[in-house]
Amino acid sequence: MIKLDPNKPVQTKEGRQVEIKYTFKNGSHFIVFNDTDSWIIVDEFGVYAHQEKKYDIINTPERIEGWVVVYRSSVSRIGLYSRIFATRADALQHADKYPDDVIACIHSRFTVGEGLEENGCQK
């Protein structure tokens, strides 16, 4: 289980935005408000269980958007490697340095850790 970082944005596992309003002195329990101004107390892992209701709070996943340049590589085991750039212009400028190796420049949006949980990997 991953610890909640109270210094970063939080949300429910279902994706509803919430906000930490208070941290208890022990540093491991937090009061969380949701968008309707109701509140709950969660532990350092973002878990709250009371009777039949259970709320799981997680840090909002970081989302990345950019341009991925894919290159051929004679030293890579699979023969490909890539780099991501904030803008298409930056990506193409870097790609111009390796014109014989570049094979694609693709716009991409993804969430940090996306796809890793399916293989039991975690960042």
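Some observations on this one:
- Here the dipole of segment 62-103 is about 120 debye; that uses its Cα centre as origin and unit charges on the Cβ of Lys and Arg (positive) and Asp and Glu (negative).
- Between Ile78 and Asp100, the simple spin-label model (points 7 angstrom out along Cα→Cβ) gives 2.5 nm.
- In this simple spin-label approximation, Arg109 and Ala86 carry label points 7 Å from Cα along the Cα→Cβ vector, and these lie 1.9 nm apart.
Values quoted throughout were computed directly from the atomic coordinates according to the rules given, and no laboratory measurement underlies them. Quick caveat: nothing in here was measured; it's all calculated off a predicted structure. Glycine gets a Cβ as well: all are built from the backbone with ideal geometry, and neighbour counts include every protein chain shown.
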